[in-house]
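Colleague: Below is a structure I'd like to ask you about.
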């Protein structure tokens, strides 16, 4: 009797558990192959709605032949926000969209200028499962063009682009790396102004066959019904007018800017330099060299090369690497003063140069970087952009939260006098030759 | 012709097909149970044997149905030429030469029992019969059981006690290598079906005076004997009493192997995991007995049951101790990793594929999508289907004899798998996961534990299918809770990890051989730790 | 008697109590309150653990001195039959509320980050049966399961903190002392309720952990371990996010894991580590439900703990659902509990300890002997 009761009890418990589970049903009934994975999202301004959202969907794995070798599909639609865009794009796809593999969100110039970045990213992106380490990028021109330009046989896996760009940033310092998570920090913690990597689409670079196929099949769901010719003409017109009517390099140079470099081959889209923001609006661009200096001062620079002009007119390559984190001394008061102490290792890539001693060369490099840092800082300060994160140093000077919250940092920032002390340690032996 | 036609049209003849008719009395239960759920299987106690040889002969003839059972040999003779006696044995079970040379011939010398009026059986046992093993018995059931075993019972006129002598001799398998527990380094002997031989195999390893082998009736109607083996003074008395108590509670119709004993004495009958270690190797049994465990060996079964058993006992092999420490460690690590992969990998993959695609890299996602392009089964069903096919192949390989079995495995694996992928029934990625998982199962040394792993794997696949990593982790925790609450003869199944007990030897890695100076702490041996 | 207490060793009881304390300390605090005055939560956590430990120490020493083997006996001896039952009921509700809060927080995290858009009850259906199973099986199972999973949980927690290390910046902690030491201590007192239930559970099951003396040692170790771990986690959180960000976050620990270094495999580990924490939360909830059932059975003289376990398991499901569906009401209740809960929990216990000590038979016997 006891055993039968015990057995009946076990059956009842198992039945109840099964009933509970079955009544809840599967949490999600979609399988891995029922999704299309958006690897890059592009945001531009729309004609009839706030945004034009375009996406690159990763499809194949490159193992198939023929038409199935198309690796990415480029889709887009006009919408008021990302949620609406996802719903509208799915109406024309045989699968659901999955944004959990999104590597980058690219903002077009017009959106970045009019504050659309904050407007778009203030939504609950967690509901779309967008990962917080997705990189943010700003482009000169339209993001949809940029998305079309990054498809290539050179890079079958668009998601790997993220890795390569982050790696490029680490190796050269010519572009910054900025993630969605850092954006939230700057929004909610008001920590510093943001610096996004800058991209550009160059139509003059010849497409390879794979990206041509991709363009034919996937197509771009442009909001207007313009012909291709009209579109390319419009694109040329916009491009030529961009530096004059829209944002520009804040220091007025054109070297090391994306789209300005004469090159042959590679992706149609390239990244170089950065977009400078103040209160989440684009205020201008920094070219690659100025971006490098900003990263050196911020302590985000690992290694890279500069082209150092010598007094005799010659330009040489110098390899730099960070020695330690920069130290910042900030004195607040009537006239705030900030001193950046930076230490770098340097290696001159031309061992045949013997006319300068180590100490001379160190001074040359130090002065060059100091001058560049000063001009960038003054330009940013004039625009009110605290991209050097002085605010993060200022907060450390306060003992109480209430004191800090009562302090007007923005006003103080405008008055800060800055000095850069850049110590360069040269690993350069004139007795070595280029034979070794 | 006419007759056959008419016969076809007849409907009044009884059906001559054999039918097994119900003969139980009383009203059957609602679920068709017998009125008495647990009917006693053993017979009522019989009257002791008689002093009269004639009566004993008659009784034996009746009980053994000698008119239709020609195996029973009842030999009347006169001991010392004067005293009537009767020898009873079973043809084919008792040794003819032993009976002839050491019982009958010894008895037939004139005057051997001269002047013996009382205690004739005892006198004959001490002075006449030249047998190594002899005892006096008047319990009729025991006398019959002894005869059935192959011993010879000799009744003497005027004494109710019979002399039981060990004359067993029958065909049996030779001691050979253990079939299912092969090792590269170490003893190659395995148990056989004969209980005595098995005990001798143990005694050759444990040559101590405290090594006890208690022979007793298993408690079945087929009168099978079993042995409880342990070291007195080392084993925990409570454990021993518990083993004996559970064995005493056996009251069944038949016991054919130690598997039946295991099932009748375990507490968690629904548990996929066994609660005793079943092994063919005498060295393994001896090692456990030396550590304070108890072993039960059943006559007719080439395996011994060692209790208590923990998960780590089931996951170890005797070879772990025979090889050097680095080798033993890597073997164990590979084994545990294999078991882990076998149980966890399919469920983990299903969770990610169905609920957490973001955790997979883009390359893997693309590959899975490409491989599943035309597959119509949902991925969860596909996984379960493939797991089932793998089990099918495994069972088929076991049942099909000899060389065909190996070919079956190869054909099944390669051809069937390839064909299934080509027919878009399954995808290559899922096939690989199932194959890996299957390989992992084979690293588990104990067969019962291998089968238990199938249950766990299926449970986690379903949990992952329904609830993603939430279901998977809840399932893992539920399994963990169940495992820690499982007990083997009072010992928690995950000792010495949970609960943590004193042990210099690690549970998973191979410890140092010099640390084998103490019995295992978790059995609470009487030997103590000093 | 079927109280399923059994007996567990020091390692098991330490793992059980530490997991419960860490889970509550890391996942059930109110962000808006804890970070409102700056990023000094790493000091607050230490203070909270210390305060909870002091209350526990006073109670357990009273138990040892007066010869009582469980909390119920202490309460009964100190407060009498009626008031001890009232206090016992309060503690039962406190433990159930803690269990429900843990499940509720994790359910919310899952709805926000892991299974967006899924209804909460569909997730609770997976958590609640395991909690029920743990409590049903009893103290031995809870203790041993905690011992079994402790390494997995430590790796989940420490792994999260280490993998996010590249992003730690000390300026985010500034101002370093928040809004002053006084405020830190005030927050510490309020948040002591995070660690207290785990230690309270040890008092309840003291007999099962070999008596008050062993319970004391275990409690000390668990409180110190939990305090250090939670403080380290808060330090790492503080170096990852500023206080203004943290005060708006519901699940800062999960947000920390979303900041792993990009470009590598580790950036996908956030969900895996998260489910390690889910396991710890289920263990903690099971422990609380069991402790509540045990105290209830003792207070109302039940011989079998299983009906209480079944009822309380259903109750925590109800509480968890209420926390979601009546979030506004529950928010007010949570504010009251976090404001005054410690007083409500500590005062009766300390009073009972004092009175029991005064009435203690050991002391009376010693007096008679002298």
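The values are calculated or read from the model by the stated rules, or taken from the named source; none is laboratory data. Since this is a predicted model, take the numbers as computed values, not measurements. Cβ coordinates were reconstructed from backbone atoms using ideal geometry, including for glycine residues, and neighbour counts include every protein chain displayed.
For (1) out of contact with any strand residue (DSSP E or B) (no Cβ under 9 Å at 6 or more places or on another chain); (2) surrounded by fewer than 16 Cβ atoms within 10 Å (Cβ to Cβ); (3) more than 14 Å from chain C (Cβ to nearest Cβ); (4) in a helix (DSSP H, G or I), each residue gets a yes or a no:
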position	(1), (2), (3), (4)
A:350	no, yes, yes, no
A:353	no, yes, yes, no
A:360	yes, yes, yes, yes
A:367	no, yes, yes, yes
A:377	no, no, yes, yes
A:381	no, no, yes, yes
A:391	yes, no, no, yes
A:423	no, yes, yes, no
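Colleague: Scan the range B:130-138 and give yes if some residue there is touching a residue at least 40 places away in the same chain (Cβ under 8 Å) and either exposed (fewer than 15 other Cβ atoms within 10 Å of the Cβ) or under 30 Å from the mean Cα position of the chain (by Cα) (or both), otherwise no.
Modeller: Looking for residues that are touching a residue at least 40 places away in the same chain (Cβ under 8 Å) and either exposed (fewer than 15 other Cβ atoms within 10 Å of the Cβ) or under 30 Å from the mean Cα position of the chain (by Cα) (or both), one finds none in the range B:130-138, hence no.
Conditions tested, residue by residue: (1) within 19 Å of residue B:345 (Cα to Cα); (2) in contact with a helix residue (DSSP H, G or I) (Cβ under 7 Å, 6 or more places away or on another chain); (3) more than 14 Å from chain C (Cβ to nearest Cβ).
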residue: B:422; (1), (2), (3): no, no, yes
residue: B:427; (1), (2), (3): yes, yes, yes
residue: B:434; (1), (2), (3): yes, yes, yes
residue: B:440; (1), (2), (3): yes, yes, yes
residue: B:451; (1), (2), (3): yes, no, yes
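Colleague: In the range C:134-145, which residues are surrounded by fewer than 23 Cβ atoms within 10 Å (Cβ to Cβ) and within 8 Å of chain B (Cβ to nearest Cβ)? Full working, then the answer.
Modeller: Taking the range C:134-145 as the starting set, the residues that turn out to be surrounded by fewer than 23 Cβ atoms within 10 Å (Cβ to Cβ) are C:136-137, C:140.
Passing the criteria: C:137, C:140.
Colleague: If you don't mind, another one. For the range B:397-409, indicate whether the set of residues that are modelled with pLDDT under 85, facing chain A (nearest Cβ under 8 Å), surrounded by fewer than 17 Cβ atoms within 10 Å (Cβ to Cβ) and over 28 Å from the mean Cα position of the chain (by Cα) is non-empty.
Modeller: Filtering the range B:397-409 for residues modelled with pLDDT under 85 gives B:397-409.
When the remaining residues are screened for being facing chain A (nearest Cβ under 8 Å), the result is none.
No.
Colleague: Here are some conditions: (1) under 21 Å from the mean Cα position of the chain (by Cα); (2) at pLDDT 90 or above. Residue C:238 meets all but one. Which one does it not meet?
Modeller: Exception for residue C:238: condition (1).
For every residue, the table says whether it meets (1) surrounded by fewer than 17 Cβ atoms within 10 Å (Cβ to Cβ); (2) outside the structural domain of residue A:397 (by TED's automatic domain parsing); (3) part of a loop (DSSP other than H, G, I, E, B).
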{"residue": "A:257", "(1), (2), (3)": "no, yes, yes"}
{"residue": "A:262", "(1), (2), (3)": "yes, yes, yes"}
{"residue": "A:271", "(1), (2), (3)": "no, yes, no"}
{"residue": "A:276", "(1), (2), (3)": "no, yes, no"}
{"residue": "A:308", "(1), (2), (3)": "no, no, no"}
{"residue": "A:330", "(1), (2), (3)": "no, no, no"}
{"residue": "A:342", "(1), (2), (3)": "no, no, no"}
{"residue": "A:345", "(1), (2), (3)": "yes, no, no"}
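Colleague: Restricting the search to the range B:477-490, which residues are more than 7 Å from chain C (Cβ to nearest Cβ) and surrounded by fewer than 24 Cβ atoms within 10 Å (Cβ to Cβ)? Steps first, answer last, please.
Modeller: From the range B:477-490, those more than 7 Å from chain C (Cβ to nearest Cβ) are B:479, B:482-483, B:486-490; that's our starting set.
Listed by number, the residues that qualify are B:479, B:482, B:483, B:486, B:487, B:489, B:490.
Colleague: Let me ask something else. Taking residue B:113 as the residue in question, decide whether it is assigned to a loop (DSSP other than H, G, I, E, B) and either under 20 Å from residue B:50 (Cβ atoms) or in contact (Cβ under 8 Å) with a residue 40 or more places away in the chain (or both). Walk me through it before giving the result.
Modeller: Working: assigned to a loop (DSSP other than H, G, I, E, B): yes; either under 20 Å from residue B:50 (Cβ atoms) or in contact (Cβ under 8 Å) with a residue 40 or more places away in the chain (or both): yes.
Against the criterion (assigned to a loop (DSSP other than H, G, I, E, B) and either under 20 Å from residue B:50 (Cβ atoms) or in contact (Cβ under 8 Å) with a residue 40 or more places away in the chain (or both)), residue B:113 qualifies.
Colleague: Does any residue of the range B:377-394 turn out to be crowded, with 19+ Cβ neighbours inside 10 Å, closer than 30 Å to residue C:258 by Cα, in contact (Cβ under 8 Å) with a residue 60 or more places away in the chain and touching a helix residue (DSSP H, G or I) at 6+ places or on another chain (Cβ under 6 Å)?
Modeller: Looking for residues that are crowded, with 19+ Cβ neighbours inside 10 Å, closer than 30 Å to residue C:258 by Cα, in contact (Cβ under 8 Å) with a residue 60 or more places away in the chain and touching a helix residue (DSSP H, G or I) at 6+ places or on another chain (Cβ under 6 Å), one finds at least one in the range B:377-394, hence yes.
Colleague: Next up: Determine whether residue B:472 is away from chain C (no Cβ under 14 Å) and over 22 Å from the mean Cα position of the chain (by Cα). First the steps, then the outcome.
Modeller: Details: away from chain C (no Cβ under 14 Å): no; over 22 Å from the mean Cα position of the chain (by Cα): yes.
No: the conditions fail for residue B:472.
Colleague: In addition: For the range C:156-189, how many residues are under 27 Å from the mean Cα position of the chain (by Cα), surrounded by 19 or more Cβ atoms within 10 Å (Cβ to Cβ) and within 8 Å of another protein chain (Cβ to nearest Cβ)?
Modeller: 2
Colleague: Check the range A:109-122 and report whether any residue there is farther than 26 Å from residue C:249 by Cα and modelled with pLDDT under 85. Break it down into steps so the answer makes sense when it comes.
Modeller: So in the range A:109-122, the residues farther than 26 Å from residue C:249 by Cα come out as A:109-114.
In the following step, the residues that additionally are modelled with pLDDT under 85 were identified as none.
For the range A:109-122, residues farther than 26 Å from residue C:249 by Cα and modelled with pLDDT under 85: absent.
Colleague: Something else: Report yes if residue C:309 is buried (at least 23 other Cβ atoms within 10 Å of the Cβ) and either in a helix (DSSP H, G or I) or more than 14 Å from chain A (Cβ to nearest Cβ) (or both), otherwise no. Before you say what the answer is, go through the steps one by one.
Modeller: Numbers: buried (at least 23 other Cβ atoms within 10 Å of the Cβ): yes; either in a helix (DSSP H, G or I) or more than 14 Å from chain A (Cβ to nearest Cβ) (or both): yes.
Considered against the rule, which asks whether it is buried (at least 23 other Cβ atoms within 10 Å of the Cβ) and either in a helix (DSSP H, G or I) or more than 14 Å from chain A (Cβ to nearest Cβ) (or both), residue C:309 comes out as yes.
Colleague: Also, quick follow-up: For the range B:352-361, check the following and say yes or no: at least one residue is in the same structural domain as residue B:459 (by TED's automatic domain parsing) and in contact with a strand residue (DSSP E or B) (Cβ under 7 Å, 6 or more places away or on another chain). Talk me through it step by step, then tell me what you get.
Modeller: Kept after step one, since they are in the same structural domain as residue B:459 (by TED's automatic domain parsing), are these residues of the range B:352-361: B:352-361.
In the following step, the residues that additionally are in contact with a strand residue (DSSP E or B) (Cβ under 7 Å, 6 or more places away or on another chain) were identified as B:357.
Yes, because at least one residue in the range B:352-361 is in the same structural domain as residue B:459 (by TED's automatic domain parsing) and in contact with a strand residue (DSSP E or B) (Cβ under 7 Å, 6 or more places away or on another chain).
Colleague: Same structure, new question: Let me spell it out: the conditions are (1) within 14 Å of chain B (Cβ to nearest Cβ); (2) in a loop (DSSP other than H, G, I, E, B); (3) touching a strand residue (DSSP E or B) at 6+ places or on another chain (Cβ under 7 Å), and residue A:161 meets all of them except one. Which number is the exception?
Modeller: Of (1) within 14 Å of chain B (Cβ to nearest Cβ); (2) in a loop (DSSP other than H, G, I, E, B); (3) touching a strand residue (DSSP E or B) at 6+ places or on another chain (Cβ under 7 Å), only one is false for residue A:161: (2).
Colleague: Let me ask you something else. For the list (1) closer than 21 Å to residue B:160 by Cβ; (2) part of a helix (DSSP H, G or I), I need the number of the one condition that residue B:46 fails.
Modeller: In the conditions (1) closer than 21 Å to residue B:160 by Cβ; (2) part of a helix (DSSP H, G or I), residue B:46 misses (2) alone.
Colleague: Give the residues of the range B:286-313 that are touching a strand residue (DSSP E or B) at 6+ places or on another chain (Cβ under 8 Å) and farther than 24 Å from residue B:453 by Cβ, sorted by residue number. Step through it out loud before you land on a result.
Modeller: From the range B:286-313, those touching a strand residue (DSSP E or B) at 6+ places or on another chain (Cβ under 8 Å) are B:288-290, B:292-299, B:303-310, B:313; that's our starting set.
Listed by number, the residues that qualify are B:289, B:290, B:292, B:294, B:295, B:296, B:297, B:298, B:299.
Colleague: With respect to residue A:144, is the statement that it is modelled with pLDDT under 85 and closer than 22 Å to residue A:272 by Cα true? Show your work before the answer.
Modeller: Values: modelled with pLDDT under 85: no; closer than 22 Å to residue A:272 by Cα: yes.
So residue A:144 does not fit the description; no.
Colleague: Where in the range B:195-314 are the helices (runs of 4 or more DSSP H), entirely inside, with at least 3 residues that are in contact with a helix residue (DSSP H, G or I) (Cβ under 9 Å, 6 or more places away or on another chain) and under 23 Å from residue B:171 (Cα atoms)? Outline the logic, then answer.
Modeller: Numbers: elements: B:195-203, B:237-248, B:258-265, B:282-290, B:311-314.
The helices (runs of 4 or more DSSP H) meeting that bar are B:195-203.
Colleague: Sticking with this one: Quick test of your reading of the structure: residue A:106 fulfils all but one of (1) more than 11 Å from chain B (Cβ to nearest Cβ); (2) surrounded by fewer than 24 Cβ atoms within 10 Å (Cβ to Cβ); (3) in contact with a strand residue (DSSP E or B) (Cβ under 8 Å, 6 or more places away or on another chain). Name the failing condition by number.
Modeller: Every condition holds for residue A:106 apart from (2).
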